[in-house]
Amino acid sequence: MKNFVFLSLCISLLFTGCQDSDSKTPILLATSSGNINNISVVIDNEMWEGSIGEALRKSLAAPVDGLPQEEPIFSLNQMPPEAFSGFVRKNRLFVKIEKGEAGRFKIFNDPFAHPQIGVVITGQDSNEIIEQINKNSEEIIETLRNTEIKEKQRRINKSLKEDEKLKNNLGVSLKFPTAYRYALENEEFFWLRKDIPKGNMEILVYAVPLNQIDGDTSVIANIIKMRDSIGKAYIHGALEGRYMITEEAYAPYLFNTEVDGKFAYETKGTWEMKSAFMAGPFINYAVKDSVNNRYIILEGFTFAPATAKRDNMFELEAILKSAKID
């Protein structure tokens, strides 16, 4: 029997008869494991070293947008098919490549553990497999990232800091861990901070009128102007005249997305301290709150010189995406 069909059958059998009446989660599934944003790539060694492996690395390990240095979206851990058994099957994310069958791609939910996402890609030859990888890469990446956001939020939820001040003043609920503290707060602006080795992770929450972003000029220009005005008002350096601005050399990335079911602009880029040698990545969500004629601004940024920042920024993204707006 073909491997793809065999895997599908095994997964179907795994789910059949293994559910209780009150839950959709199979009771026989073990808890998944693995570091955040790490994928087990199950593929023959020769294919991994060739064009198929290159296509996987180009897609799944592409650089994260908005970071000052190149870091991959996912860390890839390759293993041959014979090694994919036992405890290894509990890894939360896996991508399996099979050659010799018709080209297809399928995403499996909780095939061997919970929570878990498995992606199986097949093709009769290398070209067919590469075509499947390229054609479906966006869906694969989005599915895997959403799984990791939920997992990060699950871990954060184990030890939450109170957010009553945010709720009472801005009507915003945010789930962030107790490692963060209120660095600055007033009725209209909140600054949360977490100390990390060699730096800090920061969260800003505030509101602006709709026309401050939906003005006559471009959206990205308005967001940059807004960020720079907030930096000048609140985010200062050690010496007078130094404050946070959007890096002037490169325009940030701008995407349309949703937060709490509401339209939002997602901006990713680099901040810098005016007239000082300080910089780092930021992610900003301008969430449209039409009922209250405002945008809620949720921003996370990091200062951690000479260290990798992907995981720090991913944590900030997971926190900001937990927002609920009254």
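Of the residues A183, A179, only one is under 26 Å from A233 (Cα atoms), in a strand (DSSP E or B) and open to solvent by 40 Å² or more (accessible area, probe 1.4 Å); which? Of the residues listed, the single one that is under 26 Å from A233 (Cα atoms), in a strand (DSSP E or B) and open to solvent by 40 Å² or more (accessible area, probe 1.4 Å) is A183. Residue selection: K165 satisfies the criterion of being at pLDDT below 95, under 19 Å from I319 (Cα atoms) and not aliphatic (A, V, I, L, M). Taken over the stretch 54-83, residues that are in a loop (DSSP other than H, G, I, E, B) and closer than 20 Å to E131 by Cβ amount to 2. For the stretch 91-103, the condition of being surrounded by 17 or more Cβ atoms within 10 Å (Cβ to Cβ), out of contact with any Phe, Trp or Tyr (no Cβ under 8 Å at 6 or more places or on another chain) and at pLDDT below 95 holds for at least one residue.
Determine whether the stretch 139-153 contains at least one residue that is on the phi > 0 side of the Ramachandran plot, surrounded by 15 or more Cβ atoms within 10 Å (Cβ to Cβ) and of a type outside the set (V, I, T). Looking for residues that are on the phi > 0 side of the Ramachandran plot, surrounded by 15 or more Cβ atoms within 10 Å (Cβ to Cβ) and of a type outside the set (V, I, T), one finds none in the stretch 139-153, hence no. Scanning the stretch 156-175 for residues that are part of a helix (DSSP H, G or I) and surrounded by 13 or more Cβ atoms within 10 Å (Cβ to Cβ) yields I156, K165, L166, K167, N169, L170.
Residue-by-condition table, conditions (1) outside any strand (DSSP E or B); (2) surrounded by fewer than 14 Cβ atoms within 10 Å (Cβ to Cβ):
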| position | (1), (2) |
| --- | --- |
| L192 | no, no |
| K225 | yes, no |
| D228 | yes, no |
| G241 | yes, yes |
| Y250 | yes, yes |
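The residues on offer are E185, E240, and the sole one that is without any contact (Cβ under 8 Å) to a residue 60 or more places away in the chain and out of contact with any Lys or Arg (no Cβ under 7 Å at 6 or more places or on another chain) is E240.
The values are calculated or read from the model by the stated rules, or taken from the named source; none is laboratory data. In this text the structure is predicted, and so the values were computed from the model without any measurement. Don't worry about glycine lacking a Cβ; one is built from the backbone with ideal geometry, like all the others, and counts go over all protein chains shown. Surface areas here come from the heavy atoms of the whole protein model, side chains and all, with no ligands, DNA or RNA. Shrake-Rupley method; radii C 1.70, N 1.55, O 1.52, S 1.80 Å.
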